[in-house]
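Notes to accompany the following structure.
The values are calculated or read from the model by the stated rules, or taken from the named source; none is laboratory data. As the structure is a prediction and not an experimental result, all values here were calculated from the model. Don't worry about glycine lacking a Cβ; one is built from the backbone with ideal geometry, like all the others, and counts go over all protein chains shown. Note: accessible area is taken over every heavy atom of the protein model, side chains too, but ligands, DNA and RNA are not part of it. Shrake-Rupley method; radii C 1.70, N 1.55, O 1.52, S 1.80 Å.
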Amino acid sequence: MVEERNVKSAKIKIPRAKMPEQHALQRVKNFNEVEFGLTVDDAVRESMRCLMCKKPKCTSGCPVEIDIKGFIDLVRQKRFSEALEKIREKNSLPAVCGRVCPQEDQCEKVCILGIKDDPVAIGKLERFVADFEEKDNKPDLETDVRHTVDSFKPDDKDINNSNYEDRKTLINPDNNYKNKNTLINPDNSLKVAVIGSGPAGLTCAGELARMGYRVTVFEALHEPGGVLVYGIPEFRLPKSIVKKEVEYVKSLGVEISINSVIGKTFTVDELMGQGFKSVFIGTGAGLPYFMNILGENLNGVYSANEYLTRVNLMKAYLFPEWDTPVKKADTISVVGGGNVALDSARTAKRLGAKNVYLIYRRSEVEMPGRIEEIKHAKEEGVEMTFLTNPVEICGRDGWVEKIRCIKMELGEPDESGRRRPVPIPDSEFEIATEIVVMAIGQGPNPLLTRTSPDINLNKRGNIIADQIGKTSKKGVFAGGDIVTGSATVILAMGAGKVAARTINEYIETGVW
Ligand code: FAD
Ligand code: SF4
């Protein structure tokens, strides 16, 4: 008992790992990834902080229920390939999730170490394990482990009772990760269609392929990945990483048919007519909202969706090698307070804007963006204009010239639980600006659902699906942002996973 307490207090003394990153002044001049990732030593040291709780809370905080303690234990033993396999049992996009999940609201929020100290850096460890697979120059594992273990002697006799000598025998430097196509039913040749190749579609497709189904993903754009390729910028999620994750899903046998807009190329019924036993819809929330204020039709007003798609998917930041133009200006205003707004503001900085204003109607406390992105945006010089709401965009000769705003104060909590912003009378003021990017949310694109009137929608146009992904149409399932509205990568993946199980059950039993 005393020994266990000593081990715990020694772990608390190990500071949470910090990720090395590009300096803010340097990174605003390029689109390279901001953070470099943990080193082997840092990752192993961080894994030593884990208390190996008998009843860990972290897994229940993860929407796809990764065995977090299990994978961290493998990191401690430097069995990185096995750690990756452990994560992939539940999550087919670990390099993505390690980078973009809001861990502070999920696994790390409930980590038991976090009660008295900083929680284990679970996201950073997940990213480390996923990235490690790619690295050519693998370290001298024995030396590294000895070094690490020696530096943290009290942790040797950990709660698993595996001391240093035991651990050494567990290390297998030749254990490179091999793609495991864990086919549950290899003889299954039934076809399933997945519409949309974002995290929901890719996860559902991967899971079904593992069960042995012949899965075809239909994607409207010319590249698979959904928001991961067209929305989240390169400096936060390199596209090579998304490509690798897509390749992994393909390696499970999934076919991806790009430039296929369901609702135009084929309807859902036509897909069913082509022999697909079931259809999963994961078409996301790609239709941008506007504020419906005067001036939104001026030149120089973008939806965040268009602005980011031009820069990310169409590589406008590499103009003229890539022939997509995007307007550049000294002063840009971005309206919104979530990840989309932060990504747009930081993109504008990298395109050379001197003044980037982020205009948000609530205060910093209510900002829905990831804490790390808010910190990074501030470091990069994005000026946060809180408790402010635009009322008109004013122009000259058809182009944006300024944005007229009103100051807000916080009133009673609204249905989201956050305090409602209320305009302060007679507090209007103007901000000179050449570009306005609207990042106030996105809704579902109606292209598909218009051609499938028997799929029930809610009043926002989102598909109504139950907890296990069933829609009102027999054989058709849905999940991700198309059901929930804009949410998170991991929730979309969770929905894709659950739907895959239900689809399997439906096809096997025929019961709807
Ligand atoms: P999507 O990723 O939107 O994918 C849907 C796919 O379906 C798209 O590829 C689309 O082209 C395709 N499609 C649409 N209609 C059709 C059709 N008719 N036929 C064929 N294909 C079609 N979440 C986080 O967790 N962390 C973050 O840091 C984060 N940052 C974000 C930043 C931005 C800029 C944006 C826009 C979102 C961000 N999100 C973040 C939210 C997250 O990306 C989404 O919740 C998630 O991608 C939803 O996944 P999905 O699979 O449901 O949809
Ligand atoms: Fe480790 Fe935190 Fe999970 Fe406990 S709750 S096992 S300390 S990651």
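Listed values, structure above:
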{"item": "Counting all C-alpha pairs of the range 13-66, share separated by more than 19 Å (%)", "result": "53"}
{"item": "Projected label distance in nm at Thr267 and Glu364, using a 7 Å step from Cα toward the beta-carbon", "result": "5.3"}
{"item": "List Leu38, Leu25, ordered by accessible area with a 1.4 Å probe, largest first", "result": "Leu25, Leu38"}
{"item": "Distance (nanometres) between label positions extended 7 Å along Cα→Cβ at Thr451 and Gln274", "result": "1.0"}
{"item": "P(r) histogram, all alpha-carbon pairs of the range 385-512 included - 5 Å bins from 0, percent", "result": "2, 9, 13, 13, 12, 11, 11, 10, 8, 6, 3, 2, 1"}
{"item": "Cross-link table Lys54/Lys109; Lys250/Lys378; Lys191/Lys244; Lys239/Lys470; Lys315/Lys497, entries beyond 29 Å C-alpha to C-alpha", "result": "Lys250/Lys378; Lys239/Lys470; Lys315/Lys497"}
{"item": "Theoretical FRET efficiency, 1/(1+(r/R0)^6), r = Cβ-Cβ of Arg418 and Glu383, R0 25 Å, to 0.05", "result": "0.65"}
{"item": "Surface per residue (accessible, 1.4 Å probe) for the chain, Å²", "result": "45"}
{"item": "Stretch gain in nm, segment Ser189-Gln467, where the contour uses 0.36 nm per residue and the Cα spacing is subtracted", "result": "97.4 nm"}
{"item": "Of all accessible heavy-atom area on the chain, the percent that carbon and sulfur account for (1.4 Å)", "result": "51"}
{"item": "Viscosity 0.692 mPa s, temperature 37 °C, Stokes-Einstein D of the range 2-133 from Kirkwood C-alpha radius, µm²/s", "result": "217"}
{"item": "Mean projected area (nm²) of the alpha-carbon convex hull when the chain is viewed from all directions", "result": "26.5"}
{"item": "Check: the chain dipole with +1 on Lys, Arg Cβ and -1 on Asp, Glu Cβ, in debye", "result": "500"}
{"item": "Rounded to 5, the percent of DSSP beta bridges in the chain classed as antiparallel", "result": "40"}
{"item": "Stretchable slack from Glu505 to Phe290, in nm (0.36 nm times residue separation minus alpha-carbon distance)", "result": "73.3 nm"}
{"item": "Sum of side-chain charges, Ser260 neighbourhood, beta-carbon under 14 Å (Lys, Arg +1; Asp, Glu -1)", "result": "-3"}
{"item": "FRET efficiency, Ser427 to Lys315 (Cβ-Cβ, R0 56 Å, nearest 0.05)", "result": "0.85"}
{"item": "Percent breakdown of C-alpha pair distances by 10 Å bin, ordered from the shortest bin, for the range 293-413", "result": "13, 42, 35, 9, 1, 0"}
{"item": "Helical segments meeting 27 Å axial Cα length and Kyte-Doolittle 0.5 threshold in the chain (DSSP H)", "result": "489-509"}
